């Protein structure tokens, strides 16, 4: 039996031989070892461990070098990919667009920027797209010159956390607008006793302070608030000079806390040399406003404005008068024996309460120079009955005016045929607009009340009802050149409408092709433009209605568009959805 020493000594040469084998320059002990580790073996194993750790360190360093090389190559690849993307971007059509056109497009996106919304204002969004757009936005002060601030009602929990954001945005826009003209719309409302006016006043005071140093740049200023807030706020900062302010709107909502009715503040402004358009909404008094009435060309009045007669008398250069929901008591201020407003050329009347208010307004006006007449009614007013045409006819006779532009929006007449005699009294009309009542106004009974057979037959100069024999007064609307109709699709007489348009266009087509001069016996002028809006919930219009666009190939400017029915009045503030 072999002794342990013999076995141990016998294993040493074997281990030494293993340590000499393996990779080049490697003297590590080969694993695994299946015998007892001696003191001599421990020395070899320790050295092998040191060598292995050194080799591992070299491998790690080599891997790091390779990883660094890969990262460097990937970085160069990403740089090349960015260059490729940039080169392709430079070849895109938008890069061909001159900066002037790009600025014009940005301008359409930057009107009435809302500072109070959760979304980022559009000028800031544009400036974050790319470096070029940012430079373009920052170098265009007009993009930052339209500011819309809406201070919403707050509750007992305290001020809105976005107030500081709103104030910062306002100051940012005032700074970036540089010397550009400013358009500011400040709306400041309350929801009643739950609001602490003093909290709102803090924010408004900071905004007013920011605006105070820029009043020399204000050209359009709209201020809307409730009387209870005005009672707790001093408008002293507004009493300064506005050298270029041209349009001013003051709107106040009356509010009572149950005991006290707060009146509108007075003496807002001091110097307004360039003002030409004023809009007063709410309970205002002429005596409380320092306004250069003699320089105004446009005046919009809505609500219980006192001192109307004195106000209109002072507006010696007034050209356009807009009356919105004045009410019969307020219109009594117009009643003055022999008073004539000979400077007014455009009159727009909108009623929201009773159709009798519209007639009452017409009865107290004498406008010999008026050429544009707009009559508007809103939802549910049809319940108060039709418009008394005698008031409108008396206005025409009393004033002796020549109406060239006539617009009727959602106005009901006593009968379907009552409108035709009225139009015969206005042979100078060149621009005619009719808007039918919407589906909501008719409570589901959808039909046309104005653009129907009597009107269309008289509009058709080839129809027997429009002949001079049947109508000694002369041809029907002989000067009509621009026609705009907003009608319901259901019940629309497409054939009659097409014949009416064709009768006022076919003569022109015949002499344009064959002769250089129109026929001498042409009793009406030819149409220049026709716009037809179809009120329907179905976006796909019928082929018969779209067939009216055939006149476009003949040279007539005609458009047929789908309009989504809406309960609001057709006006610049409430445009229908048109596609």
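From the square roots a ≥ b ≥ c of the eigenvalues of the alpha-carbon gyration tensor of segment 32-96, which class results: rounded (a/c under 1.5), prolate (a/b over b/c), or oblate?
The shape class here is prolate.
With 10 angstrom as the radius, rank 401, 351, 130 by how many other C-beta atoms surround their C-beta, starting from the fewest. Please list the in-between numbers first.
Values: 401 21, 351 27, 130 11.
Fewest to most other Cβ atoms nearby, the residues stand as 130, 401, 351.
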Rank-order 526-538, 41-53 by packing density, defined as the average count of other C-beta atoms within 10 Å over each peptide's residues, highest first. 526-538, 41-53
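On a full-extension model of 0.36 nm per residue, what is the gain between residue 46 and residue 94, subtracting their alpha-carbon distance, rounded to one decimal in nm? Please report the intermediate quantities before stating the final value.
Values: separation 48, 0.36 × 48 = 17.28 nm, distance 7.13 nm.
Result for the pair: 10.2 nm of gain on full extension.
Read the figures in this text as sums done on the coordinates, not as results from a lab. Quantities reported herein were computed from a predicted structural model and do not represent experimental measurements. Cβ atoms come from the backbone with ideal geometry, glycine included; neighbour counts cover every protein chain shown.
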